[in-house]
Structure formats: structure tokens, C-alpha cells
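All remarks here apply to the structure that follows.
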């Protein structure tokens, strides 16, 4: 029976099923005609973006879209997540048209194993992309706690081979760590989901246990769950979904996987996949948010988030590999989002909760835009120069002016420099920390921003404006390891137009949201209200 | 009625096979031990099904995914990558000692403090209590294998043990779970294991070993 503000619609189902269906047909079709792979991939992402926009329109009217007897439930928070996921996938799939061509990127692979096998591999790549997209969307749309686990694990499965795409030593090592650590982590999340379901079932009106599977019904039973059990459940969620979200100390898979995957896949992993994981975490932990006696858990969670941001920021400074630097910066920025979400727990149902939720969601959106832009820009650098070490690259601004501008917009935005979008979301999180009187978190967040700024400006300046080469460092590194995306001669000039367009669109959004932060208010407000339960 | 004696015997043998799967250095034998362990899990779920007929389907799903598909995958890939396990971090003698201590402590702890773990009063009593303690013991053995073994295939066997334990614990924790959810959980584990083994075979091809200590391209 739908509640007063609930609307029954097929939109959520269609949103899951379109990419899932494409994932099935894309392989045979791409094998038949090579051009169909990127075209269908683009089509799937574009269709998902359109449907997600329709869901967001519902959320902006204050409606909650449900389907299949509330198995799928889309409130403001879910709507924003699916919009971000599909949009970033759209941008990355435009970019992939040129980036994932057989040559020159696959030149080395094709030489080694023949064109036939490379083409097959590319067809699998696009099929897995759509499967990955479908599973991420499913995780954000489902209202069933067991299905949430299944979807999150399915997204690991779908993306495992995307990480291993180059099939060399580094990519394989990254994929092994990725699959192993995430599967072990997620086993804890399953335990948490099952314990929550089982311990809530007896306290709900419907004794069959069917409603206990629905996340939206669980808060009603949360208060009746014994304290020790509730703490155990929360610990399982933090370890389980926290691993996938890249929270320290469960983050070691992240820099490897995000750095070794092909450029557009890195943009998806860092841009949206870890956001989906933090969404799963806040959805499940959020069941206990209304209970004031669990505030210490929220404080612990904020401390974990502060540790995550600081560690990520410090590690970011120490990297010589551009993609690893971006990956560690993702760890650090996830800390900001997690800190904001932890403060929602402290101020649930009050203004503080709304403020912190607004900041966290805003930062989630901004980080998705900036970090995918950064991965795309660095991808363009790798595409053109075939190198990715900061110490080996220099003076690229003359050759690639558009990429240089995009990189700097995103770098300044992510460091929280005005007038870019990251400034406003970080400011909101600082305000929330001050409001909650968590001065230590406030200080750590501010210091980490400074670290991020230093790391990005230093790296960006060297790569784009630095002069000459840096023989000492390069010689020190010594080993001529075959870098995944290298192994060929540099190209002339700027990256192709299909790679530049998504980058310029993302950079324009960073600037636009920076100058007019209220542009995104209509979509973030319903998400923050859903999070903090203020209606 | 539930056959308490049968359940307890099966549980005991299952713990021993888990220990064998972790400790034997011949990977084919480890896979075989794992297969026996999975068969015992099917037997256990079958025994519990006397009280809850929905569990018959669980037993069938477990048989197909855990006792047939997973061991077949393991043996197929061990054939590709070599029989002998890469040297473990801890030697055989100390490792058996540590694993046995782990086994005894985790069993007695979870059996004694079952109320922390049991979501319902029913799950904290009788055979359901034994079931939970056994699951947590196998879980910790699996985790121990993942943390202490250098051989990539062996860590996958550890992962399988860990997943089996979670699956078995569902008998006590959530006996009324819908079949679709269960099939989803069980299938995903098999696919993950298949993918991991596929990647490990790639590592063997590229690096020439399945020793995870040799994988040091990516430090920090």
C-alpha cells in the first residue's frame, strides 16, 4: 500500500534493466560490428541519465517513487545518487570512444596477442561497463537489505575484470587485491545485513519477516534491538561497506585498483563507485541514527573519517605516479563525505543533521565531478605522452592547453579554493563541524585541504609548466617497468575532441556550481532532508 | 525432529576438514578437503531441514555451488598453476598450533557468549547455538588462512571457507530468508571465486608464480 507521498512507477525498474539488458546484448553486437560497442555504451548511459533525471524530478516535488511493492524505493538521496552515477558514466563513455580505440592505446596488447583477441576483449569491456552501471544503480535503488548486499557485491564482480583490463603484472596484482579485499570486506557487510534483518524481524508488525527486509521499515524496530547486537551490526557495516568506500584503514585496494584501471574506468571507480558504497553504508547505519544513545558511534565514525582524510592527504603528497596521487586524494575526500555523514548521526532530525547532510551530499556531488574530471585529464596526458610519472612529465601546457585548464579547475575545486564548487561543500562541512563543536575534526579537515592543495599544485605545475626533465629522479626510479598505459611513442598535439568534450563539460559544471552554488540546491535539498529526516 | 547427535557429529568433522584445507600444502588435497567440508555443510543444512522444510532448497543450492562448482574450479586452476603451495608465512608446526588454538578459542567464546551474536532467543539455544559457534570457528579459520598464507590459491580457499561459514550461519540467523536472496548470495560467491582464480592464472602466466609476496609492483 503506497503511503501519502509515494508514487508507484516503473522508472526504477527501467533504470536497472536497460543497462542490464545492454550488458547482455552488447558483446555479440560488438563482435558483429566494432562501432556498436562504444555506441551502445553511450546509449545505455544516456538512457540511464534521462531516467535518473525523471526520478530526480519526482524527488524535487517531494515524492518518493516506489516499485514492486516497495522493493525499490527512490527518495531524494537515491535519486541524487543515480543521477550522479549515470551522468558520470555518460561523460566517461563519451571519453572512452577515443580512449579505448584499438590503436594506439591497445597497440602493444594487439601486437602481443593479435587483433582478434583485442577486439574480443574490447567487446567484453563494454559489456562489463554496462553491467557495472546496472549494479551500481541497483544498489542505490533497492530497498531490500539483502538485495543491497547482493548489488554491492555484484558491482565488485562486474568491475573486477575492468580493473584487470590491461592484463599485465600491475593490473593483475591490482585486480587480485581488489577482488580479494572487497569480497572479504563485504562478507562482514552480509553478516551485518543478516543480523539486522533477523533481529528486527520479531519487532515488526508483520511477523513473516518480509517487511524486515525493507530498509525503510527497519528504523521502526531499531530501538528494540539490544544494544550489544546493534553495536555488532554497526561494526559489521563499517568494516564491510567501509572497505568498499575506501575508508582507512580498509583502503589499501583503492590506490592500486583506481590507478591501474583504464582512464575512463578509473573515473567511474573513483567518481561514483565509492560513492555508491558510502550510500550503502549510510542507508544501513542510518537505521540507528534516530537513537540518541548511539551518538558515540557517530563520533567514532567521524574520527575514522578524519583519520581517512588525513592519511589520504599525506599519502597523496608522497606519490610520483599521477593516477596514484588522484586515488589517494579520493581516499582523503571520502573522509570529508564520511565525516559529514557521521555528523548527520549526531544531529539527526535537527538542523545540524540537515546542515551536515547537505554538506556531505554536496561534497559527494562535487567530488564525483572533480575526481572524474581529474582522472579524465590525467588519462588524456597518458594518452598523448604515454607516461604518467610526475617526475618524467613537464611543460605539457603548450601542447595540451585545454587539458591543463581542466586539470587546474578540478585540482583547485577539490582543494576547496573559491570560486570553485569544492569550496562551498567543504565550507558547509566546516560549518557543521563547528556547529557540532567537533573542533578536532574541523582542524584536521582544514589541514587536509591545505595538503591537497599543495600536492595538486605541485604536481600540476610540474607536469604542465615545469621546464626540462628531471634526470635525477627519473634515474633514481631506475626500473623501466612497463607502465600499463605506456609502451609506445608520444602523440602530437592535444587529445582528441571526443575526449576533450566531456572534460570541458565537467570543468564548466565545476565553475558554474562554484559561482552559483544554489543551482544544485533543488536536488541536494531533498537528499539532505531524506538523510536527516526533516520534512 | 532435529537429529542433534547427527548435527553435532557433522559439525565436528566439518571443523576438522576446514583445518585440513587450511593446513595441507598440496593444493589439490586442500581443494578436496574443501569439497568434503562443503558436502558436510550440505548434510548439516539437510539435517536442519527436518525443522524447516525451506532449508531443503538451501541444501541443494549449497550442493551445486559449494560442493560441485567451487571445488571443480579450484582443481581446474590448480592444474594450471601447479600443485605445491608457495611457502607460508608461518611454518607447518606452529601454524597447526595457532589454528588449533584459534579453533578452540573461537568455538568456546562464541558458544559461551552466544547472546551477543544470536538475534533471536531461538538462535541461542540447542543445535542453533552449536551451529553459530561452528560457523564463527570456520569463519575465523578462513580469515586466518587469508591473512597468513602467501599462496594466492590458498587465500582463495580461505575465502571459500569464510563464505561457507557465513552461509552456514544463516541457518541460525535467518532461516526464513527468501530463496531468491539465498540463490543470489550463493551464486555471487562462485562467480567471485571463478574471477579470482582467472586473475590468479593470469598472474601465474605473467609473473611465473602464485606467491603473493612476489607481487610487489604496487607498494603504497
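The values are calculated or read from the model by the stated rules, or taken from the named source; none is laboratory data. Everything quoted here is computed from the prediction, not taken from an experiment. Note that we place each Cβ from the backbone using ideal geometry, even for glycine, and neighbour counts take in every protein chain shown.
To keep it simple, each residue is scored yes or no on (1) in contact (Cβ under 8 Å) with a residue 24 or more places away in the chain; (2) farther than 25 Å from residue B:99 by Cα.
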site	(1), (2)
B:5	no, yes
B:9	no, no
B:12	no, no
B:19	yes, no
B:27	yes, no
B:40	yes, no
B:43	yes, no
B:46	no, yes
B:57	yes, yes
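Counting the residues of the stretch B:178-195 that are assigned to a helix (DSSP H, G or I), more than 7 Å from chain A (Cβ to nearest Cβ) and either under 17 Å from residue A:144 (Cα atoms) or in contact with a helix residue (DSSP H, G or I) (Cβ under 6 Å, 6 or more places away or on another chain) (or both) gives 9. I'm told residue B:141 meets every condition in (1) surrounded by fewer than 17 Cβ atoms within 10 Å (Cβ to Cβ); (2) in contact with a helix residue (DSSP H, G or I) (Cβ under 7 Å, 6 or more places away or on another chain); (3) more than 9 Å from chain A (Cβ to nearest Cβ) except one. Can you identify the failing condition by its number? Going through (1) surrounded by fewer than 17 Cβ atoms within 10 Å (Cβ to Cβ); (2) in contact with a helix residue (DSSP H, G or I) (Cβ under 7 Å, 6 or more places away or on another chain); (3) more than 9 Å from chain A (Cβ to nearest Cβ) one by one, residue B:141 breaks only (1). Looking only at the stretch A:146-168, residues that are farther than 30 Å from residue A:213 by Cβ and either without any contact (Cβ under 8 Å) to a residue 12 or more places away in the chain or not in a helix (DSSP H, G or I) (or both) come to 5 in all.
Residues are listed down the side, and each one gets a yes or a no for (1) facing another protein chain (nearest Cβ under 7 Å); (2) surrounded by fewer than 24 Cβ atoms within 10 Å (Cβ to Cβ); (3) outside any helix (DSSP H, G or I):
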residue: B:159; (1), (2), (3): yes, yes, no
residue: B:163; (1), (2), (3): yes, no, no
residue: B:176; (1), (2), (3): yes, yes, yes
residue: B:197; (1), (2), (3): no, yes, no
residue: B:201; (1), (2), (3): no, yes, no
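Residue by residue, here is whether (1) farther than 16 Å from residue A:457 by Cβ; (2) touching a strand residue (DSSP E or B) at 6+ places or on another chain (Cβ under 6 Å); (3) modelled with pLDDT of 95 or more; (4) surrounded by 20 or more Cβ atoms within 10 Å (Cβ to Cβ) holds:
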| site | (1), (2), (3), (4) |
| --- | --- |
| A:367 | yes, no, yes, yes |
| A:370 | no, no, yes, yes |
| A:382 | yes, no, no, yes |
| A:390 | no, no, no, yes |
| A:393 | no, no, no, yes |
| A:398 | yes, no, no, no |
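For the stretch B:109-124, check the following and say yes or no: at least one residue is more than 10 Å from chain A (Cβ to nearest Cβ) and out of contact with any helix residue (DSSP H, G or I) (no Cβ under 7 Å at 6 or more places or on another chain). Within the stretch B:109-124 (the criterion being more than 10 Å from chain A (Cβ to nearest Cβ) and out of contact with any helix residue (DSSP H, G or I) (no Cβ under 7 Å at 6 or more places or on another chain)), the answer is yes, since at least one residue qualifies.
Taking the criterion of being within 14 Å of chain B (Cβ to nearest Cβ) and in contact with a strand residue (DSSP E or B) (Cβ under 8 Å, 6 or more places away or on another chain), the residues of the stretch A:119-145 that qualify are A:142, A:143, A:144, A:145. Residue-level check: of (1) more than 13 Å from every other protein chain (Cβ to nearest Cβ); (2) crowded, with 20+ Cβ neighbours inside 10 Å; (3) in contact with a strand residue (DSSP E or B) (Cβ under 8 Å, 6 or more places away or on another chain), residue A:259 misses just (1). Taken together, A:493, A:422 contain a single residue that is farther than 18 Å from residue A:392 by Cβ, within 22 Å of the chain's Cα centre (by Cα) and either crowded, with 18+ Cβ neighbours inside 10 Å or modelled with pLDDT under 95 (or both), which is A:422.
Restricted to the stretch B:84-118, and to residues there that are surrounded by fewer than 14 Cβ atoms within 10 Å (Cβ to Cβ) and touching a strand residue (DSSP E or B) at 6+ places or on another chain (Cβ under 8 Å), the residue that is modelled with the lowest pLDDT is B:87. Among residues that are in contact (Cβ under 8 Å) with a residue 40 or more places away in the chain, surrounded by fewer than 24 Cβ atoms within 10 Å (Cβ to Cβ) and at positive phi, residue B:126 is included.
Within the bounds of the stretch A:297-317, is there any residue that is outside any helix (DSSP H, G or I), within 14 Å of another protein chain (Cβ to nearest Cβ) and surrounded by fewer than 21 Cβ atoms within 10 Å (Cβ to Cβ)? No - not one qualifying residue is present in the stretch A:297-317. Of all residues being at pLDDT 85 or above and outside any helix (DSSP H, G or I) in the stretch A:169-218, which is farthest from residue A:284 (Cα to Cα)? Just the residue, please. Filtering first and then ranking leaves A:214.
When the stretch A:157-170 is filtered for residues that are facing chain B (nearest Cβ under 9 Å) and more than 18 Å from the chain's Cα centre (by Cα), the ones remaining, listed by number, are A:164, A:167, A:168, A:169, A:170.
For every residue, the table says whether it meets (1) under 25 Å from residue A:9 (Cα atoms); (2) surrounded by 24 or more Cβ atoms within 10 Å (Cβ to Cβ).
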{"residue": "A:25", "(1), (2)": "no, no"}
{"residue": "A:37", "(1), (2)": "no, yes"}
{"residue": "A:48", "(1), (2)": "yes, yes"}
{"residue": "A:53", "(1), (2)": "yes, no"}
{"residue": "A:61", "(1), (2)": "yes, no"}
{"residue": "A:84", "(1), (2)": "yes, yes"}
{"residue": "A:95", "(1), (2)": "no, yes"}
